[in-house]
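The values are calculated or read from the model by the stated rules, or taken from the named source; none is laboratory data. None of the values given here were measured: they were computed from a predicted structure. Glycine also receives a Cβ, built like all others from the backbone with ideal geometry; neighbour counts cover every protein chain displayed. When the accessible area is computed, the model is the full protein with side chains, heavy atoms only, and any ligands, DNA or RNA have been set aside. Shrake-Rupley method; radii C 1.70, N 1.55, O 1.52, S 1.80 Å.
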Amino acid sequence: MENTPPPSPFPGLITREQEPLNLELPFPTLTEPVLPANRLFVRSHFPVPALDAATWQLRIEGAVSQPFTLSYDELRQLPATTLQATLECAGNGRARLTPKAKGLLWEQGAVGNAEWTGVPLSALLAQAGVAPDALEVICEGADQGTMNDEPKAPGVIAFARSLPLAKATRPEVLVAYLLNGQPLPPEHGFPVRLVVPGWYGMASVKWLNKLTISTEPYAGYWQTLEYAYWQRHHGQPTLVPVAEMQVKAEIARPALHEAVPVGQPYRVFGAAWAGESEVTSVEISLDQGKTWQPARLLGAAVPFAWRFWEYSWTPAAPGRHTLQARATDLAGRTQPTTHDPDRRNYMINKVASVEVFVG
Ligand SMILES: Nc1nc2c(c(=O)[nH]1)N[C@H]1C(S)=C(S)[C@@H](COP(=O)(O)O)O[C@H]1N2
Ligand SMILES: [Mo]
């Protein structure tokens with residue numbers, strides 16, 4: 001029918017913003033550890049650029065001995081790596097902050113896990129010959145626009161983030177062109193994006209078209225005015241770019257305010273991830289955090305990917321109950337009970353909490 005909109009290419013995702021496109025996974029619908037491309041959340045700051053793989057180029061320049069330009073076909077001929085990576089937006093969970101935070105109010109689902117294929121960034125850096133005094137790689141996307149919230153960006157800017165060389169040269173950081181074995185969908189960065197496993201999503205620059213190797217720390221819009229948080233250095237709060245994902249468990253089921261039958265076993269289910277580390281345990285509390293019981297980790301640990309977990313709960317009494325979940329990583333780091341205001345509206349990993357009705 002003429003007046004019917006075309007079917008959504010992202011069935012079931014929650015629209016947080018239409019333009020630019022921002023879509024969230026309804027987390028209680030989680031079932032598969034590797035999500036199909038149309039179930040991955042979408043986070044964009046500008047309209048999706050219409051790019052053509054036949055004319056796309058990646059320029060590598062700056063503090064290098066051999067600047068060069070790479071075409072899509074040339075990139076696809078280089079030795080490739082395939083890996084899983086869980087990408088979480090640094091603002092995921094913002095809807096749970098009080099007082100109400102500024103920014104998109106993501107609930108639980110600005111996170112997803114998928115399989116990516118691409119060329120290790122380290123190979124391109126080696127080909128360019130990075131100068132001995134180089135510090136960072138500034139990674140720029142083809143999308144552009146104006147940022148009008150105060151403090152405003154100075155006119156039209158691109159999306160760009162820098163990666164310190166220590167991370168940029170790790171084997172897991174990919175210049176990716178396949179998502180679950182298929183070319184990237186336009187919304188996820190077609191034809192080529194960066195994938196930075198273990199780091200919050202903003203590091204994985206989509207529509208990648210330029211790498212500038214720099215000898216100075218980059219202080220661009222996306223790592224100062226946005227995606228930066230306070231660290232206390234020398235007694236002074238200092239803005240630092242958001243980087244590694246914090247350890248976190250999310251409860252998929254029961255969903256918030258779900259009705260759960262009394263006296264029957266209920267399968268509490270969710271996912272947990274730990275940035276560059278590994279989830280070593282997930283625990284559940286039914287008494288506001290006084291005591292914790294171990295949940296069961298499912299499947300095998302996959303580096304940089306989330307891990308599903310379950311816990312069998314038989315509620316004994318009707319009424320309101322609060323379920324809490326927390327994960328711990330290999331370094332013994334666990335989740336805080338409150339959000340540290342120094343993190344501003346990013347890196348939200350306070351203990352997950354879901355209120356349900358038993359009856
Ligand atoms: N070029 C470009 N890259 C980008 C963004 C963007 O707006 N433009 N958003 C970033 C943010 S904040 C996140 S969380 C991830 C989301 O990736 P996805 O949309 O493929 O899920 O992309 C990152 N890369
Ligand atoms: Mo993000």
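All other residues whose Cβ lies under 12 angstrom from that of I348 are scored, Lys and Arg at +1 and Asp and Glu at -1, for a net of +2. Under 11 Å from a label point 7 Å along Cα→Cβ of T215: give me every residue in the stretch 62-82 with its amide N that close. From the stretch 62-82, the list is 63-64. Listed by chain and number, the lysines whose C-alpha is less than 22 Å from the C-alpha of K350, apart from same-chain residues fewer than 8 away, are K100, K102, K248, K290.
Once you have the Cα-Cα distance between E61 and R76, take 0.36 nm times their residue separation minus that, and quote the gain in nm to one decimal. Don't skip to the end; give the middle numbers.
Details: separation 15, 0.36 × 15 = 5.40 nm, distance 2.01 nm.
Length difference between fully extended and current span is 3.4 nm.
Apolar share of the accessible surface for the stretch 16-241: 54 percent from carbon plus sulfur atoms, 1.4 Å probe.
Between D133 and A153, what is 0.36 nm times their sequence separation minus the Cα-Cα distance? Round to one decimal in nm. Please list the in-between numbers first.
Details: separation 20, 0.36 × 20 = 7.20 nm, distance 2.94 nm.
Once the chain is fully extended between D133 and A153, it gains 4.3 nm.
Treating r as the C-beta distance of R267 and D287 and R0 as 22 Å, the FRET efficiency rounds to 0.65. Once C-alpha pairs closer than 8 Å and six or more residues apart are averaged by separation and normalised to the residue number of the chain, the relative contact order reads 16 percent. Calculated mean residue ellipticity, 222 nm, the chain: -1000 deg cm²/dmol, from DSSP H runs (n ≥ 4) at -39500 (n - 2.57) each, averaged per residue and rounded to 500.
In a shell of Cβ-Cβ distance under 15 Å around W56, excluding W56 itself, what net charge do Lys and Arg (+1) and Asp and Glu (-1) give?
So the surrounding residues net to 0.
Show log10 I(q)/I(0) for the stretch 218-350 at q = 0.14, 0.15, 0.16 Å⁻¹, two decimals, from a solvent-free Debye sum over equal Cα scatterers. One equal scatterer on each Cα of the stretch 218-350 leads to -0.73, -0.80, -0.88. Rounded to the nearest angstrom and listed largest first, the equivalent-ellipsoid semi-axes of the stretch 2-141 from its Cα gyration tensor are 34, 20, 16. Electrostatic bookkeeping for D149 treats Lys and Arg as +1 and Asp and Glu as -1; over the other residues with beta carbon under 12 Å from its beta carbon, the sum is 0. Rolling a 1.4 Å probe over the protein heavy atoms leaves R267 with an accessible area of roughly 120 Å². Comparing S65, S277, S44 in a Gaussian network model of the chain, where Cα atoms under 10 Å apart are tied by springs, the biggest mean-square fluctuation is seen for S65. A dipole drawn for the chain from +1 and -1 charges on Cβ atoms has a positive end, and of P164, A53, L194 the residue lying farthest that way is P164.
Taken over the C-alpha atoms, the stretch 16-241 has Rg and Dmax values of 17.4, 52 angstrom.
Using only the heavy atoms of the protein chains and a 1.4 Å probe, how would E140, E150 rank by accessible area, largest first? Walk me through the intermediate numbers first.
Values: E140 55, E150 135 Å².
Output order, biggest surface exposure first: E150, E140.
Could you look at the stretch 248-358 and say what percent of its accessible area is carbon and sulfur, using a 1.4 Å probe and all protein chains?
Accessible surface attributable to carbon and sulfur in the stretch 248-358 totals 54 percent.
Calculate the length of the line joining the C-alpha centroid of the stretch 302-359 to that of the stretch 88-122, in whole Å. Spelled out, the Cα-based centre of one part sits 16 Å from the other.
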